[in-house]
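The structure appears right after this line, and notes come after that.
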Amino acid sequence: MFYKSCLAAIAILMAAGSAWADPIEGTWKRPNGTLISYAGSGTKFCGTVMTGEYKGKSIGCMNGSNGDYKGTVNKLDEGKTYNGKASVSGNTLSLSGCVLGGLICKSENLARQ
């Protein structure tokens, strides 16, 4: 009976772990060195520039969980907002801004800090 209880507890913990996999929350470093912080609650997360020329500005908000997110990306140097998507895998955030319904996207990878 103890063995079955342990197996059940392990299965529950493994399932819960996958539900919390790869959150977007945290601080990320762009290839140019700028730091971005994503924070939020529930399934909505907004990014804020922490360093550099656009410090304090929003880079947009994403909805999602489990490493897959969709929302908006602000291209601050252009003053434009694009449809966005993001995916988190380990310590890498792949962030994309897209036009034409996602047909054309520009992406960059950020590293978790």
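Every number in this text was worked out from the coordinates using simple rules, so none of it is lab data. Only a predicted model underlies this, so the values are computations on that prediction, with no experimental measurement involved. Cβ atoms come from the backbone with ideal geometry, glycine included; neighbour counts cover every protein chain shown.
For the reader, a short list of remarks on this structure follows.
- Glu108, sole failed condition from (1) touching a residue at least 40 places away in the same chain (Cβ under 8 Å); (2) under 17 Å from Glu25 (Cβ atoms); (3) among the acidic types (Asp, Glu): (2)
- Residues of the range 20-79 that are part of a strand (DSSP E or B) and of a type in the set (A, V, I, L, M, F, W, C): Trp28, Leu35, Ile36, Ala39, Phe45, Cys46, Val49, Ile59, Cys61, Met62, Val73.
- The range 29-47, residues that are in contact with a strand residue (DSSP E or B) (Cβ under 7 Å, 6 or more places away or on another chain) and not hydroxyl-bearing (Ser, Thr, Tyr): Lys29, Arg30, Pro31, Leu35, Ile36, Ala39, Gly40, Lys44, Phe45, Cys46, Gly47
- Here Tyr69 fits the description: of a type outside the set (Val, Ile, Thr), surrounded by 14 or more Cβ atoms within 10 Å (Cβ to Cβ) and touching a strand residue (DSSP E or B) at 6+ places or on another chain (Cβ under 8 Å).
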